[in-house]
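So the structure is just underneath, and the comments pick up after that.
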Amino acid sequence: LRIDHPRLFTHPPDLSIFTDDVQLHDMTGVRLRGKTQYERIFGMLRFIKRAALQHVELTHRLVVHDQTIRMRWTAKVWMRDPNLDKMGMGAIQAKLVYLDGVSVYLLNDKGLIYRHRLENIVLRNSGQTADVANLVFSWPGATVPELAIPFFRTLDAALPDGLHGLYAEQPDDARAGVGGGAVLRSTPKRRRHGIPYASAAKDVPKETPMERAARERAEMADEKARRLEMNKPKEQKRAAFPFNPFAPEMTPQQCETSYDCEAPMVCCDLIVTSVCCSGGMMIPTRSPRQQLQGQLIPIPVERDPPNGMPLPPNYPGGYQIHSFPSPLLHPHLTLPAEAVSLLRPLPP
């Protein structure tokens, strides 16, 4: 801490002394958790130094007690004026502000810091002191319009009497004015009794828990009846068009493997989804069920040679004389003369 703290605005600190779930607290509570988020805080400080600050000096004083390290630190910040930098007058003395605060580091049994708590952060500028929250820095008031200055406080702290002053009543004489239009200062403000209702009626009856429960049950019953009425037209429309291809019963069945589909259907991968399909062999009919589709079977046909002579049949045996029956085996069979000439024995 003694080495890293004086150069927080120029060099990243050594985070090996912190736990992985380190927490950063300020006056409002827990701000962030984790070493990664905690490291971004120091990166933000270095970015602020390059963008909005001309020079920064950090001094500190350490006090160690048991498992707690208290560091009282002071930052002297010279604010950079962007308008002077654009005009080439960056050498003019910048505005100096002081930022004081206390950092409390809590250690675990291993000596690592598991919590960093910020306390009593005060901004001192030209003799004026103001509390600063959430690690904000002083904005140059001379070069920034009043409406553009960031608002770093809560609304309740900024109002003179807090948020309760918005609901205070003023007396009639103070609103009307006394003595030639002079408006008197209102008497000590009185708070209204209870929270005002968001209604124009003067007397709003208070609802009991039993009445509220009965009202909620009635609203739920009305909502249920309304949903039933909305679903009725859909059922009538589905009955009028029973063959709607977009109906739930007509949509294809999703699958992961072919075992999820009924035979002869298989699981087809369509990239975006996998559904049961039949590979083109099934077509829908007027009924929701499917049936087989007729398909032509190709039969190969041989081409004849260009000389005009037909080719022998492409089956075992080709032209065979024994394909005709013999009259010796069948004496009552009569053959044509061409067949008888083929049956004559050839000369040796």
- Item | Top-ranked residue in region 4-29 [being farther than 14 Å from Met44 by Cβ and either in contact with an Asp or Glu (Cβ under 8 Å, 6 or more places away or on another chain) or among the aliphatic types (A, V, I, L, M) (or both); ranked as surrounded by the fewest Cβ atoms within 10 Å (Cβ to Cβ)] | Asp14
- Message: I'd like the full set of residues that are within 28 Å of Val22 (Cα to Cα), modelled with pLDDT under 55 and surrounded by fewer than 16 Cβ atoms within 10 Å (Cβ to Cβ), limited to region 101-132.
- Response: Asp131
- Task: Consider Leu135 carefully, then state whether it is at pLDDT 55 or above, closer than 19 Å to Trp78 by Cβ and surrounded by 11 or more Cβ atoms within 10 Å (Cβ to Cβ).
- Result: no
- Tell me, which strands (runs of 3 or more DSSP E) lie completely within region 244-321 with 3 or more residues that are touching a strand residue (DSSP E or B) at 6+ places or on another chain (Cβ under 8 Å) and modelled with pLDDT of 75 or more? 266-269, 274-277
- Query: Got a sec? Which strands (runs of 3 or more DSSP E) wholly within region 1-94 have at least 2 residues that are at pLDDT 90 or above and over 26 Å from Asn125 (Cβ atoms)?
  - Reply: 18-26, 53-65, 68-79
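The values are calculated or read from the model by the stated rules, or taken from the named source; none is laboratory data. This is a predicted model, so every value here is computed, not measured. No Cβ is skipped: glycine too gets one built from the backbone with ideal geometry, and neighbour counts run over all protein chains shown.
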